[in-house]
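Throughout, read-outs are computed from the coordinates displayed, never taken from laboratory work. It should be emphasised that the depicted structure is a prediction, and the values quoted were computed from it without experimental measurement.
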Amino acid sequence: MMDLDQDRMQMVTEEAFNKTSNLRWQMAITKAKVELEANPYMHHDGHALLILSPSGEIYSANGACQCRAFNHGQPCWHRAAARLVERYNEAQ
Ligand SMILES: [Zn+2]
């Protein structure tokens with residue numbers, strides 16, 4: 001599990017959520033926050049966010065991802081999570 005300050009992550013998440021009117025991205029952001037707080041298998045290596053998904057897949061997300069949603073041009077929570085971590089780190 002990532003060692004995150006919950007207040008700062010909440011602030012970053014709300015900012016990201018309010019910046020988009022795309023419902024799929026909003027759902028991705030909501031899911032990303034839940035996973036960031038609960039999924040023990042997430043690690044940012046300074047370049048990308050490595051995620052062991054609950055489905056058993058391993059993703060390396062930054063601007064791109066390897067999941068089905070990304071392949072279909074859809075928002076995914078992996079990229080949302082990677083972006084949240086970047087913004088979280090910038091906010092320090
Ligand atoms: Zn993805």
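Any idea what the relative contact order of the chain is, in percent, if you count C-alpha pairs under 8 Å spaced at least 6 apart?
31
Is region 1-40 best put as rounded, prolate or oblate by its Cα gyration tensor, with a ≥ b ≥ c the root eigenvalues, rounded for a/c under 1.5, and otherwise prolate when a/b is larger than b/c, oblate when not?
The shape class here is oblate.
Need one word for the chain: rounded, prolate or oblate. Basis is the Cα gyration tensor (sqrt eigenvalues a ≥ b ≥ c); a/c below 1.5 gives rounded, then a/b vs b/c decides. Intermediate values should be presented prior to the final figure.
Working: a/c = 1.61, a/b = 1.12, b/c = 1.44.
Taking the square roots of the gyration eigenvalues as a ≥ b ≥ c, the chain is oblate.
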